[in-house]
Amino acid sequence: MSIRRTRLRPDESRLVALEAARLLLIEAGPQAVTLKAVAARIERTHANLLHHFGSAAGLQKALAAHLGETITATIGDAVDAARRGEVEPRRIVDMTFDAFDRDGAGALASWMLASGNEDALDPVVDAIHRLVDKLAATALSPHLGELIRENTLMLVLLALGDSQVGGPMAAALGLAREKARDIATQRLVSALVEEAAAFAAHTV
């Protein structure tokens, strides 16, 4: 089925291209995310993609930004739900790890960096920064705000590293493949317990 429409607004056309790029990333890896491949998938011309992104590097950076925004929006909603006791902390961990592994964000970032695009991670880092600022703004104390930042750092670095070498490293150490997720979950549970205790003390 073709996803082409006769006329799209520029923002719609850009989003369609980024979604096609995301699917190519998942299906075939970051090296498959080219202007030619995306243009073919959405039945647009190479010139049309150049107009939106300027170059293959521009497309890849825009894809990183798109992934960063969608990932952090979803995780932010899950964190809010976890604070209310509606979502298990493991769900947040799995969403983060899956974003970097199954959904290709880790592979895209490492490939772009290896290709010399040193600012490749900027869009993802910026999106995470905005999420952390939003979460920290609702913390009851500077200490809890710092705790949020620390746990975000821990979770992102673990997820990124796991997407690159998690399988071989766990096997070499004789650990279960899910061990990094288990460690992240334990740390996140502790942080949520501390936040809940602070909230209870604040409302007494």
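At-a-glance table
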read-out	value
D94, sole failed condition from (1) without any contact (Cβ under 8 Å) to a residue 24 or more places away in the chain; (2) crowded, with 16+ Cβ neighbours inside 10 Å; (3) not basic (K, R)	(1)
Within the range 162-195, considering residues that are among the polar types (S, T, N, Q) and closer than 19 Å to A99 by Cβ, the one surrounded by the fewest Cβ atoms within 10 Å (Cβ to Cβ)	Q164
Only one of V93, V79, V132 that is in a helix (DSSP H, G or I) and closer than 18 Å to G161 by Cα	V93
Any hit, the range 14-32, residues being of a type in the set (A, V, I, L, M, F, W, C), under 30 Å from A200 (Cβ atoms) and touching a helix residue (DSSP H, G or I) at 6+ places or on another chain (Cβ under 7 Å)	no
Filter result (surrounded by fewer than 18 Cβ atoms within 10 Å (Cβ to Cβ), farther than 19 Å from A120 by Cα and in contact (Cβ under 8 Å) with a residue 40 or more places away in the chain) within the range 34-59	E43
Those residues of the range 154-181 which are in a loop (DSSP other than H, G, I, E, B) and not basic (K, R), in sequence order	L173, G174, L175, A176, E178
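Quick note: the coordinates plus some simple rules give every number you see, no bench work behind them. The structure presented is a predicted model; accordingly, all values stated were derived computationally and were not measured. Glycine also receives a Cβ, built like all others from the backbone with ideal geometry; neighbour counts cover every protein chain displayed.
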